[in-house]
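In what follows, a structure is listed as structure tokens, so that the remarks can point back to it.
Here, each number is a calculation from the coordinates, and none is a lab measurement. Predicted, not measured: the structure shown is a model, and the values here were computed from it. Glycine also receives a Cβ, built like all others from the backbone with ideal geometry; neighbour counts cover every protein chain displayed.
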Amino acid sequence: MTAPTKATRQDMYERDLDRCAACGRTDRLTHQHRRAVGMGGSKTPPSITDSLTLCFECNWRAEHDLQTFALIYGWKVRRWVQDPSAVPVFYAHSIGWARLTDGGAALPIHADEAAEMMREVYGEEWDEWREQVGAVAPVRR
Ligand SMILES: [Zn+2]
């Protein structure tokens, strides 16, 4: 897997207000590659919309016990999604739902708009994930 460029990493931390998008902590932050890459990896470094600030713990949990929440809240994006900016992100401890732009911004959007974007990408599956786990994320703070 190709690492993000230094510039992308810096822009990402700035956009995400130097906080983990999931739990809100401000230390031990890592680069989360939103779109999972396969065994062969990817030759191009992740774009800014493919990048999200998560702490080391949430980054690990997003691949394990919080996998479904990570999909529901856009912290992770299904591999087949061509454009990660089509999937909004829920910043649990700062601005709430936001749409990521190629210019490096996180634009706050209403929850209804976020749900619309999610259903456009995932269809009914998004609602099924939410039913599976309940609506609220099990995150700290
Ligand atoms: Zn975290």
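Packing around the peptides 59-71, 4-16, taken as the average count of other Cβ atoms within 10 Å per residue, puts them in this order, highest first: 59-71, 4-16.
So what's the back-of-envelope 222 nm ellipticity for the chain, counting only DSSP H runs of four-plus at -39500 (n - 2.57) apiece and dividing by all residues, rounded to 500? The partial results should precede the final answer.
Values: 5 runs with 43 residues, N = 141.
Theoretical 222 nm ellipticity from helices: -8500 deg cm²/dmol.
The Cα trace of the chain gives Rg and Dmax of 13.8, 38 Å, the first to one decimal, the second as a whole number.
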